[in-house]
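Colleague: Following this message is one structure expressed as structure tokens.
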Amino acid sequence: MQLLQLMQNRQHTAPKRLAEPGPSQQELQMILQAAVTAPDHGRIRPWRLVEIANNQRERLGQAFAQALLSRDPQASPEDLQDAHDKALRAPTLWFAVVNTAPVEPDIAQADRWVALGCAIQNTQLMAQALGFGCGITSGQAVNAQPMRELFELGAHEVGVCFLSFGTITITKPRRARPTPPEVFSTL
Ligand SMILES: Cc1cc2nc3c(=O)[nH]c(=O)nc-3n(C[C@H](O)[C@H](O)[C@H](O)COP(=O)(O)O)c2cc1C
């Protein structure tokens, strides 16, 4: 019941609503330990997480702005600033990357993405258990060339999403979840 309650209480919090204090180094280690317990077909470790240190946020901001500019050369200075500022939110910011390399042809592509999804969910639940808010954000920038260069992604790696952690400043009403019959049937 406790685990179910923890899961039910987790909700996506936008990075702009996550403030200091963020998780301590020890708490971040616990979140990572939770991530690495995720199921992993073939034990191929098909994902990795990258922390964006505070002194690297500006570089990430520039990558966000460059990514916007490359898909919309007419982007206004305000839009570019908004894109840049995405890098400055939340005390802890991680980038999730999946490896699609055909090292183990028997392990389907879908399995790699599922493994990453499981790891991500573990991070969210561990952060929730530690009393922090968390959120997942993606968008067109995550795999744009400036982002690929910043994170030095290999040819078979794909940038998937950012994970933000911190203290919730404003709690939004919880979104409705599907009821079990909506997602479950019996053959
Ligand atoms: C892979 C992935 C990417 C997501 N990207 C975004 C995003 O870019 N912006 C956003 O507001 N929410 C994003 N979310 C969070 C979902 O919007 C959120 O989980 C959903 O609305 C359900 O809300 P809940 O997590 O509070 O139950 C993402 C979730 C996942 C799994």
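The values are calculated or read from the model by the stated rules, or taken from the named source; none is laboratory data. Please read all numbers here as calculations on a predicted model, not as lab measurements. When we count neighbours, we look across all protein chains shown, and the Cβ atoms used for this are built from the backbone with ideal geometry, even at glycine. The accessibility values were calculated without ligands, DNA or RNA, using every heavy atom of the protein model including side chains. Shrake-Rupley method; radii C 1.70, N 1.55, O 1.52, S 1.80 Å.
Colleague: Take segment 35-64 and flag every residue that is of a type in the set (Val, Ile, Thr) and open to solvent by 60 Å² or more (accessible area, probe 1.4 Å).
Modeller: Here is the first cut: in segment 35-64, the ones of a type in the set (Val, Ile, Thr) are 36-37, 44, 50, 52.
Passing the criteria: Val36, Thr37.
Colleague: Inspect segment 112-120 for any residue being basic (Lys, Arg) and within 12 Å of the ligand (Cβ to nearest atom) and give the result as yes or no.
Modeller: First, pick out the residues of segment 112-120 that are basic (Lys, Arg): 112.
So of that shortlist, the ones also within 12 Å of the ligand (Cβ to nearest atom) come out as none.
No: zero hits.
Colleague: Go through segment 1-31 and count every residue that is more than 18 Å from the chain's Cα centre (by Cα), touching a residue at least 40 places away in the same chain (Cβ under 8 Å) and not in a helix (DSSP H, G or I).
Modeller: 2
Colleague: Select from segment 7-34 the residues that are under 28 Å from Ala176 (Cα atoms) and open to solvent by less than 40 Å² (accessible area, probe 1.4 Å) and list them in ascending order.
Modeller: Result: Gln11, Thr13, Ala14, Pro15, Leu18, Ala19, Gly22, Pro23, Ile31, Ala34.
Colleague: Could you grab the pairs with beta carbons closer than 7 Å, sequence gap of 6+ or different chains, first residue in segment 107-123 and farther than 17 Å from Trp94 by Cα and in a helix (DSSP H, G or I), second one open to solvent by less than 60 Å² (accessible area, probe 1.4 Å) and of a type in the set (Ser, Thr, Tyr)?
Modeller: Close Cβ pairs (under 7 Å, with a partner that is open to solvent by less than 60 Å² (accessible area, probe 1.4 Å) and of a type in the set (Ser, Thr, Tyr)) amount to Gln109/Thr100; Arg112/Thr100.
Colleague: I would also like to ask the following. If Pro146 passes every condition in (1) within 14 Å of the ligand (Cβ to nearest atom); (2) over 17 Å from the mean Cα position of the chain (by Cα) but one, which one does it miss?
Modeller: (1)
Colleague: If I ask for residues that are free of Cβ contacts under 8 Å to residues at least 60 places away in the same chain, open to solvent by 30 Å² or more (accessible area, probe 1.4 Å) and more than 30 Å from Ile31 (Cβ to Cβ), which ones from segment 66-97 would you list?
Modeller: Once the filter is applied, which keeps residues that are free of Cβ contacts under 8 Å to residues at least 60 places away in the same chain, open to solvent by 30 Å² or more (accessible area, probe 1.4 Å) and more than 30 Å from Ile31 (Cβ to Cβ), segment 66-97 yields Leu69, Asp72, Pro73, Gln74, Ser76, Pro77, Glu78, Asp79, Leu80, Gln81.
Colleague: So if I check each of Gly154, Gly133, which one is within 16 Å of the ligand (Cβ to nearest atom) and either modelled with pLDDT of 95 or more or within 13 Å of the chain's Cα centre (by Cα) (or both)?
Modeller: Result: Gly133 is the single residue among Gly154, Gly133 that is within 16 Å of the ligand (Cβ to nearest atom) and either modelled with pLDDT of 95 or more or within 13 Å of the chain's Cα centre (by Cα) (or both).
Colleague: Does any residue in segment 136-157 that is part of a loop (DSSP other than H, G, I, E, B) come within less than 8 Å, Cβ to Cβ, of a residue that is among the basic types (Lys, Arg) six or more places away or on a different chain, and which pairs are these?
Modeller: Listed pairs, sorted by first residue: Ala144/Arg71.
Colleague: Another question about this same structure. Any idea which of (1) within 16 Å of the ligand (Cβ to nearest atom); (2) in contact with a Lys or Arg (Cβ under 6 Å, 6 or more places away or on another chain) is the one Leu88 doesn't satisfy?
Modeller: (1) is the only condition that Leu88 fails.
Colleague: Also, I was wondering about something else. Right, Val114: crowded, with 20+ Cβ neighbours inside 10 Å, more than 25 Å from Thr171 (Cα to Cα) and not basic (Lys, Arg) or not?
Modeller: no
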